[in-house]
1. Out of the residues in the stretch 214-226 meeting the condition of being in a loop (DSSP other than H, G, I, E, B) and of a type in the set (Phe, Trp, Tyr), tell me which one is farthest from the ligand (Cβ to nearest atom).
2. Applying the selection to the stretch 187-202, what residues are surrounded by 14 or more Cβ atoms within 10 Å (Cβ to Cβ) and assigned to a loop (DSSP other than H, G, I, E, B)?
3. Quickly run through the stretch 347-375 and pick out the residues that are open to solvent by 10 Å² or more (accessible area, probe 1.4 Å), closer than 16 Å to ASP98 by Cα and aliphatic (A, V, I, L, M).
4. Return yes or no: is VAL185 touching a residue at least 40 places away in the same chain (Cβ under 8 Å) and either away from the ligand (no atom under 16 Å from the Cβ) or within 23 Å of the chain's Cα centre (by Cα) (or both)?
5. Inspect all residues belonging to the stretch 227-235 and state whether any of them is open to solvent by less than 10 Å² (accessible area, probe 1.4 Å), more than 16 Å from the ligand (Cβ to nearest atom), within 28 Å of the chain's Cα centre (by Cα) and touching a residue at least 24 places away in the same chain (Cβ under 8 Å).
6. Looking at (1) surrounded by 20 or more Cβ atoms within 10 Å (Cβ to Cβ); (2) outside any strand (DSSP E or B), which is the one condition that is false for ARG175?
7. Go through the stretch 252-292 residue by residue and tally those that are part of a loop (DSSP other than H, G, I, E, B), more than 18 Å from THR322 (Cβ to Cβ) and either in contact (Cβ under 8 Å) with a residue 12 or more places away in the chain or open to solvent by 60 Å² or more (accessible area, probe 1.4 Å) (or both).
8. Would you confirm, using the coordinates I've provided, whether GLU166 is in contact with a helix residue (DSSP H, G or I) (Cβ under 9 Å, 6 or more places away or on another chain), touching a residue at least 12 places away in the same chain (Cβ under 8 Å), surrounded by fewer than 19 Cβ atoms within 10 Å (Cβ to Cβ) and outside the structural domain of GLY36 (by TED's automatic domain parsing)?
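The values are calculated or read from the model by the stated rules, or taken from the named source; none is laboratory data. The shown structure was predicted, so the numbers you read here are calculated from the model rather than taken from an experiment. As a convention, Cβ positions derive from the backbone with ideal geometry for all residues, glycine included, and neighbour counts pool all protein chains shown. Surface areas here come from the heavy atoms of the whole protein model, side chains and all, with no ligands, DNA or RNA. Shrake-Rupley method; radii C 1.70, N 1.55, O 1.52, S 1.80 Å.
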Amino acid sequence: MPNDLHPAWLSCLPAPVPAELTTPAEVAVFELRQAGIDVEVREQPALSREAWSLQGNILHGGHAGVLYGAYELIRAKELNRPVPGGLCKPYYDARMIDCWDNMDGTVERGYAGRSLWFEGNRFSYDPARIRQLGRMLASVGLNVLCINNVNVHQPAQELIDGLLPETAAFAALLRPFGVRLMLSVDFSQPMQHGIPTADPLDPRVQAWWAERAKAIWEQIPDFYGFLVKADSEHRPGPFTYGRSHAEGANMLARAVAPYKGFVVWRAFVYNCQQDWRDHSVDRPCAACDTYLPLDGQFDLNVILQVKNGPYDFQIREPISPTLLALHKTCTAVEFQLAQEYTGHQIDLCALAPVFHEFFEDIHPSGIVAIAAVSNLGRDWNWFGHPFAAANLFCFGRIAWNPREDPVTCIREWARLSYPDAAEALTGILSRSRAVYELYTGTLGQCWMVNPHEHYGPNPGGYEFDRWGTYHRASRDAVGIDRTAAGTGYVSQYPPELQARYGDPGTCPDELLLFFHRLRYDFVMRDGRTLIQRIYDDHFAGAEEAEKMAEVLKALPLPEPDRTEALKRMDLQVANAREWRDVINTFFHRLSGVDDAHGRTIYD
Ligand code: GCV
C-alpha cells in the first residue's frame, strides 16, 4: 500500500528518519532540512527538557524541545501560519499513549489490525516502522508509550525480566524521538519467582520489585515507569492482602523512586460482579468511594490515572468526580482513542470535542498528566480508518495545550493530510461525534450496546448482567436517579456541578438520563416530550450519517484512502440505521407512544 510507512499528516516529510540518528537534535536537523526550512538548531541544556523558542533563525530548545520546535516550524510552513513567539512548552510533563497490545499479537479493543510490535509471544517488528511511530508521536508532542496491555497476560511479565534486553532494544528505537517507554506490570508477579505472596508490605515483595527496577533502569535509563491495573476486572491487587491502594502503589513507587520513575496507578476499580436487582450499588460512585479516603496518602511519584468519565469511555459522560475531589493526589486523566464504544474506527467519531469539554469542567492544573488508550495497529494506514488518525493528532495537540480549540486541531489535521478536501472534511469530522451520539446514546443513555463486542445496538444486552451498567427502562420511564433522592452520586461533585446536574431543569440535555430517571412524558426545555426527543434524535442521527456519506463521496481524496473511507462509511450508515430502528422500536414497544411525525418505527 502506498501509505505503508507514512501517517498522512507527515506526508511533507517523505524520507524516513535514518537509523543512525540517535538524538532529538539530530532528528530535528534532518526534518528541517528535508522540509526546506533554513534554521539552525541549538540544544540548550539550561532550557527545560521539552521547551523551545525560535529567535531569528536559531531554534533553541531543551533535549526534546528542539524536535518539538522543528515539527511546529514544519507545521507552520505547511499551514502557512506564523510560528508561535516566546518560549513554548507543554502543559503536562507526561503525555502518554497506552497500548493494550498482547504478546500474541492481538490488541484488546484494537481496531487497526494486529500489534505493531508483538507477534507469536515475542517482539516482532519492522524497526523502520517503529521509528516512524516515534516520529509520529513526537510530531504531536507525545512523549510516553506504554507498549503492553494493562491486562498483563503471560508472557508479558517477561518484558521486565527474561525479555528485558529486547525491551531495551525497543526503547532505544523511540529514544531519538524523545519518547520514553512505560510497561504495564502484573501486581502479583513476585509470586512467579518463589515468593508466596504479593502483599505490598512484605519485605520480600518490596525487595523483588526494587531489584527489578534496578535491572530495568540499568538497561533503559530513560524508562518512565509502571502502569498498573490492580483489583480491577479480576486483576490481582493489594485488596487480596487487606491492603489499601495507597499501600500497593507506594510499594512500587518506592522501588522506582531512586531512578526518578513513576507509578501510574489506574483508578478503574468497581464491582464487576454486581447483581442487577440491587439498586443500592451505583457503579459511577465506585472510584470516588475508593480513592477519596486515600487522598494525601500516595507518594509523589504515584499518578492516579482516572478515566475521563465515571463509567467507561461512553460517547458522553460527565467528568469523573474523582478528578475534581482529590486535592492531595497527583492525577492523570485517561481518554480512549481506540473507538471501543464510539464506532470501532468504522464509524467516524472525531474525539477532539470530548477532550475539549473535559477541560471546560476542570482547570487543567487539577491534574498532572494526560493519557489515552491507543488507536494504532499494523494496518497499512496505522488506524484502520484513515480519518481515525485525526484522533491521535488532536489528542497530542490538546495534551500539549489543553486550551487548544478542537475544531482548529481537526482543521490542521485535515489540511496537512488531505489539503484538497480539508474544509469539507473538517466539517464532517467536527460534527461526527454529535452525529454518533444522536444515533447511539443520546441524552446520556449509556450501554445500549452489544455486550463484549461493543458495536451495534442492544438495549437489553447489559440490562440483566453483572457489570453495573443499567438504564432500567420501563413502561413509563428511563434512566437512573443519581440525585440525593436516588443513588446520591451527584453529591460527589463540587457544589456548582451538584446544582447544575442535580436538577433536570438545569442539567444539560446531553446528560439528562445519566443523572435523572424521567417519565416519557417529561417535557424538555425545547417543548418536546422525552420520548419524542428520543425518537427525533435517532432519526436525525441516522439521517445525518446518510448526508455525511453523500458529502464524502464527492470529496477529492487520494486512493487508497478514498476507497477505504467510503467502504467504512457504508458500514456506518448501516450501523446508524440499525441503531435508529432498534432503539426507537425498543422505546415504542415499552411506552406505546407513537412518533408525532408518523415516521416508520418497526414493531
Ligand atoms: C483493558 C473496559 C474494556 C476492557 C479494558 C478495561 C480497562 O472494560 O472493555 O477491554 O481492559 O476497560 O480499561 O481496563
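1. In this case the residue turns out to be PHE223.
2. PHE187, SER188, ILE195, THR197, ALA198, ASP199, PRO200, LEU201, ASP202
3. Residues satisfying the conditions do not exist here.
4. yes
5. no
6. Failing condition for ARG175: (1).
7. 9
8. So GLU166 fits the description; yes.
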